[in-house]
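K.L.:
First the structure, then my questions, so here it is.
The values are calculated or read from the model by the stated rules, or taken from the named source; none is laboratory data. From a predicted model like this one, the values you see are computed outputs, not experimental measurements. Using ideal geometry, Cβ is built from the backbone for each residue, glycine included, and neighbour counts are taken over all protein chains shown. Surface accessibility is based on the protein's heavy atoms, side chains included, excluding ligands, DNA and RNA. Shrake-Rupley method; radii C 1.70, N 1.55, O 1.52, S 1.80 Å.
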Amino acid sequence: MPLHERELPNCSGSNSVCACSPPPIARTTPKAVTTPTKRGFLQDLIAMATSLGLAGSARAALPGDPAFQPPRRPGMEGKRFGMLVDMRKCIGCQACTVSCSVENQPPIGQFRTTVLQYEIDQAGDTAAAMVSLPRLCNHCDEPPCVPVCPVQATFQRTDGIVLVDNERCVGCGYCVQACPYDARFINHETQTADKCTFCEHRLEAGLLPACVESCVGGARVIGDLNDAHSEINQRIKAHKDEIKVLKPGMKTQPHVFYIGLPDAFVNGVDGQATVRLVVHS
């Protein structure tokens with residue numbers, strides 16, 4: 001087939017872009033690339049919330065403010081559980097520690113309750129006094145571990161018991177750091193937060209927590225603080241001038257009460273000590 005030469009249109013003098021010309025190249029001025037910062041991210045987040053009408057009435061909530069704590073979840077209706085520890089009756093036998101481990105199966109070397117031995121130096125040449133201090137989650141009325149949880153895995157029930165939803169927990173450790181009583185830890189096996197639960201599964205079945213049931217000296221008592229005739233309320237009433245809690249200045253309103261707690265321990269115990277700690281009174 002013979003080839004015929006095709007004449008191209010004359011584009012000279014035309015203001016329009018003709019088909020024979022290559023498409024124009026878009027030119028843009030390069031912009032500086034900025035690395036996103038945490039502050040910038042938060043500002044963008046606040047701006048987004050404001051645009052959606054979410055931040056219009058936002059304000060900082062402080063402990064004691066009703067907005068500080070998330071709503072409580074259902075518990076045993078009408079009850080508020082607390083524990084009383086009579087240190088005059090504790091002999092440091094560790095039966096509570098062992099029974100708790102048997103009941104709740106934490107990893108070896110991790111404990112939901114402990115009884116640590118402390119020495120208190122006496123004046124003069126008197127021998128140091130030995131003190132056994134049982135410690136566990138205080139199931140506070142203003143638990144600082146609850147509002148810091150980013151996924152609401154840590155929560156409080158209406159009966160005051162503070163629990164951890166292991167299905168939701170991401171193991172970030174915020175609650176561990178927030179607890180002023182060092183009552184929480186990250187479980188080595190589940191990689192989630194772990195703590196004393198007052199053995200709520202036993203309470204719901206009408207049984208005592210393992211630590212209370214196994215205490216040979218009867219040093220631990222648990223009960224309903226809303227029941228004026230409960231044993232715990234009767235003992236608190238009988239020893240009202242001797243009742244103390246750990247770190248009252250933290251404003252957490254702890255619900256583990258002590259009889260016979262030396263003043264040196266009220267604000268002087270930080271975290272889980274080693275087997276023995278010297279406290280200068």
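K.L.:
Only one of (1) under 24 Å from the mean Cα position of the chain (by Cα); (2) surrounded by 13 or more Cβ atoms within 10 Å (Cβ to Cβ) is not met by I120, so which one is it?
P.N.:
(1)
K.L.:
Scan the strands (runs of 3 or more DSSP E) fully inside segment 125-167 and keep the ones with 2 or more residues being under 30 Å from G260 (Cβ atoms) and at pLDDT below 95. Let's see the steps before the verdict.
P.N.:
Numbers: elements: 129-135, 154-156, 162-164.
Output list reads 129-135.
K.L.:
Mind listing just one residue for me: the one in segment 223-242 that is in a loop (DSSP other than H, G, I, E, B), open to solvent by 30 Å² or more (accessible area, probe 1.4 Å) and not hydrophobic (A, V, I, L, M, F, W, C) and, of those, nearest to G78 (Cα to Cα)?
P.N.:
Taking segment 223-242 as the starting set, the residues that turn out to be in a loop (DSSP other than H, G, I, E, B) are 225-230, 239-242.
Filter once more, so that each one left must be open to solvent by 30 Å² or more (accessible area, probe 1.4 Å): 225-229, 239-242.
Cutting the leftovers down to not hydrophobic (A, V, I, L, M, F, W, C) gives us 226-227, 229, 239-242.
On the way: N226: 7, D227: 9, H229: 14, H239: 25, K240: 24, D241: 27, E242: 27 Å.
Step by step, filter segment 223-242, then rank; the result is N226.
K.L.:
Follow-up. Being open to solvent by less than 30 Å² (accessible area, probe 1.4 Å), assigned to a loop (DSSP other than H, G, I, E, B) and hydrophobic (A, V, I, L, M, F, W, C) is the filter here; which residues of segment 208-222 pass it?
P.N.:
A219
K.L.:
Out of all the residues in segment 190-224, which are of a type in the set (S, T, Y) and over 23 Å from the mean Cα position of the chain (by Cα)?
P.N.:
Step one: filter segment 190-224 for residues of a type in the set (S, T, Y), giving 190, 192, 197, 214.
Passing the criteria: only S214.
K.L.:
(1) out of contact with any Pro (no Cβ under 9 Å at 6 or more places or on another chain); (2) within 15 Å of C196 (Cβ to Cβ); (3) crowded, with 20+ Cβ neighbours inside 10 Å: which one isn't true of C140, the others all being true?
P.N.:
Every listed condition holds for C140 apart from (1).
K.L.:
Could you please let me know if Q110 is under 19 Å from the mean Cα position of the chain (by Cα), open to solvent by 70 Å² or more (accessible area, probe 1.4 Å) and not charged (D, E, K, R)?
P.N.:
Numbers: under 19 Å from the mean Cα position of the chain (by Cα): yes; open to solvent by 70 Å² or more (accessible area, probe 1.4 Å): no; not charged (D, E, K, R): yes.
Answer is no for this residue.
K.L.:
Return the residues of segment 170-189 that are in a loop (DSSP other than H, G, I, E, B) and either under 11 Å from the mean Cα position of the chain (by Cα) or under 13 Å from N138 (Cα atoms) (or both); say none if nothing qualifies.
P.N.:
Applying the first criterion (in a loop (DSSP other than H, G, I, E, B)) to segment 170-189 yields 170-173, 179-184, 187-189.
If the condition is that a residue be in a loop (DSSP other than H, G, I, E, B) and either under 11 Å from the mean Cα position of the chain (by Cα) or under 13 Å from N138 (Cα atoms) (or both), then G171, C172, G173, C179, P180, Y181, D182, A183, R184 are the ones that fit.
K.L.:
Moving to a separate point now. If you check G171, G218, which single one turns out to be on the phi > 0 side of the Ramachandran plot and in contact (Cβ under 8 Å) with a residue 60 or more places away in the chain?
P.N.:
Residue meeting the stated conditions: G218.
K.L.:
Now a separate question. Taking segment 178-191 only, how many residues are of a type in the set (V, I, T) and out of contact with any strand residue (DSSP E or B) (no Cβ under 7 Å at 6 or more places or on another chain)? Explain how you work it out, then say what you get.
P.N.:
The initial filter retains those residues of segment 178-191 that are of a type in the set (V, I, T), namely 186, 190.
Subsequent filtering for residues that are out of contact with any strand residue (DSSP E or B) (no Cβ under 7 Å at 6 or more places or on another chain) retains 190.
Final tally of qualifying residues: 1.
K.L.:
Are any residues in segment 243-269 open to solvent by 40 Å² or more (accessible area, probe 1.4 Å), assigned to a loop (DSSP other than H, G, I, E, B) and closer than 23 Å to T158 by Cα, and if so, which ones?
P.N.:
Listed by number, the residues that qualify are K251, Q253.
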